[in-house]
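Since every read-out is calculated from the coordinates, none of them should be taken as a lab result. Quick caveat, the model's predicted, so the values are computed rather than measured. Every residue, glycine as well, gets a Cβ built from its backbone with ideal geometry; the counts of neighbours run over all protein chains shown.
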Amino acid sequence: MMMPSQIPVTMESLVVGKSQRMRAVFEFLRVIGNSESTVLITGESGTGKEVTATLIHQNSRRRHHPFVAVSCALFTETLIESELFGHERGAFTGAIKDRPGRFEMAEGGTIFLDDIDDVPLAMQVKLLRVLQNRTVERVGGTRTIPINVRVIAGTKRDLKQMVSDGRFREDLYYRLNVLPVALPPLRERPEDIPVLMDHFLRRFFRRKNEDVPPVSDAVMQAFTRYNWPGNVRELENACERIAQTCGCGAVRIGCVAASILFGAAQQPPRTVSIHMSDIMSDIKKPEPPLQFPTAQELETPVAPPAPAPTFAPPSAGVMPAPISLDDRVREFEASLIRWALRVTHGNKSRAAALLQIKRSTLGDRIVRCGLTEPDEQQHDPAERAAV
Amino acid sequence: MAIEKERIQAVLDRVRPFLQADGGDIELLAVEGRSASVRLTGVCAGCPAAHMTLHDGIEAAIRTEIPEFDTLQVA
């Protein structure tokens, strides 16, 4: 059970995401801030559902009233009813005194029902009644207690699919899904990784009363290439680990969990260069005009290609210098081929498979891009050791 | 049966570019039977945290690919 959250949130402190998708989310949160309607937050584990719920509460008229967060996954079928609606003394063995439920505790404020998909079907009917009538009845009680609570539900599953499968009541789904907020997984917004990294490193180093040491490009590469199955929570933990273990005055690859390195090594290199120093100054500024990566930047597998790059409208009267699309495409192609050859240790058949092209096509492209054999990956290890 | 050096080398090669980008490397010293010893070189070589994280992580990664692998020693 989670109690009223202590997370201090303002829109600004929390806008740690500059991707279009997160901006759209924040924009939507702003719009629905003063609404009283039910919100359904969907997102994978670790995408920030509770933080988002807190944010909605803090930006609503209910902010001076309680915010009560409950994970519905934590309770057994019999316990959940008493947790949410409370019970009267003697309602069941062990009910030695009257106890208000979470809904009553959230009176005037907001209740966040996380893992709503874990609510058993029988309980879903009761929840639906509560949402419709805005009243609760304690277990073993006869009194109907009116409640004034805004409901936010959270789920990591596809509720609509659960409805089709008969595992979630359709009527409850529609009752909950008034204002849907979909939180994108971190791998779909890699441009936010450096921003989040900076945010968390600052937080954890501040706790140690230290300044954030410089972060090496190799670490940035690893973090931006890794696909973060645990989303922001995993990134947060990785940053905490760095803050706790780094004692050499610079965040280097040795501070990063090897699982992240191995995970990152399986991902293709990113093509847009992002440096920590650029980030903070960037956040509050309007979107900079799109910068085309140079061949050299493409070469370095640094940071992500923004999946949907943001094209700022050209400022009036200023025409950017022309670029050759063909050349750019070829450079990009060459960098991907080099990457594929590198990770397959020069095995062209496997590299071709990785790039989903024919082996013969790869041969042609290698010639066309003027690429020779891949990096000397297969040399004697003894030669490499002396770094 | 002893594990071939190349198989371990291949696992190390996956993370090597990251280490090298930070001025370090990992050197495979020896493979004996089902165990291997490696040495961290370069910038992170003196960092106890790096030893810890790389040791555990690399050992786990080798075991994933070579289930019969026994232990990894970091010199």
In region A:165-218, what GluC sites (Glu not before Pro) fall in a loop by DSSP, with at most 16 other Cβ atoms inside 10 Å? A:Glu210
Would you calculate, for chain B, the mean residue ellipticity at 222 nm contributed by helices, counting each DSSP H stretch of 4 or more residues as -39,500 (n - 2.57) and dividing by all residues, to the nearest 500? -15500 deg cm²/dmol
Below 13 angstrom from the Cβ of B:Thr71, what's the summed charge of the other residues (Lys, Arg +1; Asp, Glu -1)? -3
Rank the residues B:Lys5, A:Lys49, A:Lys97, A:Lys348 as a footprinting-exposure proxy: fewest other Cβ atoms within 10 Å of their Cβ go first. A:Lys97, B:Lys5, A:Lys348, A:Lys49
Cα-Cα longer than 28 Å, checked against A:Lys18/A:Lys358; A:Lys126/A:Lys156; A:Lys126/A:Lys160, kept in input order, equals A:Lys18/A:Lys358
Which far-off residues, 5 or more places away or on another chain, put their amide H under 5 Å from the one on A:Ala182, with H placed in the peptide plane? A:Thr42
Please order A:Ile147, A:Ile41 by the number of other Cβ within 10 Å, starting at the fewest. A:Ile147, A:Ile41
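Below 14 angstrom from the Cβ of A:Glu88, what's the summed charge of the other residues (Lys, Arg +1; Asp, Glu -1)? Walk me through the numbers before you get to the answer.
Details: positive: A:Arg89, A:Lys97, A:Arg99, A:Arg138, A:Arg143; negative: A:Glu81, A:Asp98, A:Glu104, A:Glu137.
Result for the neighbourhood of A:Glu88: +1.
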Excluding A:Asp118 itself, what net charge comes from residues whose Cβ is under 12 Å from its Cβ, given Lys and Arg +1 and Asp and Glu -1? -1
Need one value for B:44-55: mean number of C-beta atoms belonging to other chains within 10 Å of its residues' C-beta atoms. 5
Rank these for me by crowding, A:Lys126, A:Lys208, going from fewest to most other beta carbons within 10 Å. A:Lys208, A:Lys126
